[in-house]
Amino acid sequence: MDATRDSRPPLLDGLRLHFTVMGEGPPLLLLHGFTGVGADWAHVFDLDALGRQYRLIVPDLRGHGRSLNPSDNFTMRQCAVDVLALLDSLGIERCRAMGMSLGGNTLLHVATLAPGRVERMVLVSSTPYYPAQARQLMATFTEESRSEAEWAEMRSKHVHGDAQIRALWRHARGFANSVDDMNFTPPLLGTVRAPTLLVQGDRDPLYPVELSMEMYRAIPASRLWVVPGSGHCPIFGEQREPFACAALAFIATPPDGLRASVT
């Protein structure tokens with residue numbers, strides 16, 4: 001590939017955050033889901049090809065993959081602060097962005113904390129707040145309930161040992177009782193300036209479609225794509241190609257005629 005690739009862990013306010021920068025063109029930030037890593041985006045896009053269109057910024061978020069979490073606390077708002085510090089360190093004033101689940105929730109914080117920093121964004125399986133059904137599932141994230149296959153998958157992604165993995169599952173249990181980190185009211189969502197594509201499976205066990213409808217109504221320049229028969233993060237497998245086409249077309253489209261839904 002002709003595009004440049006750089007992978008390094010900068011020190012951002014005491015946090016050693018691992019990230020990869022690759023490609024040439026307008027900056028495009030890609031944020032993974034909870035217990036995932038930045039490399040998960042290779043299951044969605046051909047990153048080498050995408051790097052010929054965009055300068056890709058792909059971090060492992062706090063406490064995930066190769067990134068550390070020295071505070072041992074975890075909020076999506078803090079992840080957003082980390083992302084803004086990363087953009088500052090790279091000299092990026094504005095970027096386009098995509099985020100799945102945790103990554104999408106982080107982008108909601110970025111787009112409300114610093115509305116001018118996000119040019120356009122795609123949020124996959126994001127939520128304005130945690131509904132009861134999500135809290136019930138989050139409370140089950142114990143080490144004892146994880147299978148050997150789940151442990152093996154986590155160990156393949158998170159390189160700082162089993163303590164790092166246990167911390168992630170502990171944070172997931174903490175989300176079940178969290179009421180302030182994800183608490184986006186319609187007036188707050190109304191401050192988002194970035195044209196936004198919301199992608200939601202209509203069989204998501206965590207976040208029902210009604211929550212995406214709330215965001216669609218509140219975010220001024222938004223589109224909603226409800227993926228029939230799909231669960232959480234419907235962007236892999238058979239949904240990979242339709243999502244990649246729709247998301248990249250949206251990211252590249254001039255900001256007009258946005259107030260329509262996609263089903």
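The values are calculated or read from the model by the stated rules, or taken from the named source; none is laboratory data. Note that the structure is a prediction, hence the values are computed from the model and not measured. Using ideal geometry, Cβ is built from the backbone for each residue, glycine included, and neighbour counts are taken over all protein chains shown.
What to note about this one:
- Residue match in the range 197-213 (condition: modelled with pLDDT of 95 or more, more than 24 Å from M138 (Cβ to Cβ) and in contact with a Leu (Cβ under 9 Å, 6 or more places away or on another chain)): yes
- Long-range neighbours under 9 Å by Cβ, at least six apart or interchain, first residue without any contact (Cβ under 8 Å) to a residue 12 or more places away in the chain within the range 155-184, second charged (D, E, K, R) and surrounded by 15 or more Cβ atoms within 10 Å (Cβ to Cβ): D180/R77
- Only one entry of T140, T127 meets the criterion of being within 28 Å of Q239 (Cβ to Cβ), crowded, with 17+ Cβ neighbours inside 10 Å and polar (S, T, N, Q), and that entry is T127.
- G91 fulfils the conditions (1) farther than 25 Å from A221 by Cα; (2) assigned to a helix (DSSP H, G or I) except for a single criterion, (2).
- Criterion violated by S71 - all others in (1) modelled with pLDDT of 95 or more; (2) out of contact with any Ser or Thr (no Cβ under 7 Å at 6 or more places or on another chain); (3) outside any helix (DSSP H, G or I) satisfied: (1)
- Within the range 13-33, residues that are among the hydroxyl-bearing types (S, T, Y) sit with their Cβ atoms under 7 Å from residues that are surrounded by 20 or more Cβ atoms within 10 Å (Cβ to Cβ), at 6+ positions apart or across chains, in these pairs: T20/G38; T20/V58.
- Set T263, T191, T253: member being at pLDDT 95 or above and either surrounded by fewer than 21 Cβ atoms within 10 Å (Cβ to Cβ) or in contact with a strand residue (DSSP E or B) (Cβ under 6 Å, 6 or more places away or on another chain) (or both): T191
- Residue count for the range 222-245, restricted to those that are closer than 16 Å to S126 by Cβ and either among the hydrophobic types (A, V, I, L, M, F, W, C) or in a helix (DSSP H, G or I) (or both): 7.
- Qualifying helices (runs of 4 or more DSSP H) (wholly inside the range 94-201; at least 1 residues being among the charged types (D, E, K, R)): 132-138, 148-157, 162-175
- Checking the stated criteria, G104 turns out to be closer than 24 Å to M138 by Cα, crowded, with 18+ Cβ neighbours inside 10 Å and within 13 Å of the chain's Cα centre (by Cα).
- Tally of residues being touching a residue at least 60 places away in the same chain (Cβ under 8 Å) and either over 17 Å from D82 (Cα atoms) or touching a helix residue (DSSP H, G or I) at 6+ places or on another chain (Cβ under 8 Å) (or both) across the range 112-132: 14
- Selection of the range 43-68 for residues being part of a loop (DSSP other than H, G, I, E, B) and charged (D, E, K, R) yields D46, R52, D60, R62, R66.
- Candidate set: the range 220-238, residues that are without any contact (Cβ under 8 Å) to a residue 40 or more places away in the chain and surrounded by 18 or more Cβ atoms within 10 Å (Cβ to Cβ); chosen: the one nearest to E119 (Cα to Cα): S222
- Looking across the range 44-58, just one residue is within 16 Å of G33 (Cβ to Cβ) and touching a Leu at 6+ places or on another chain (Cβ under 6 Å), and that is V58.
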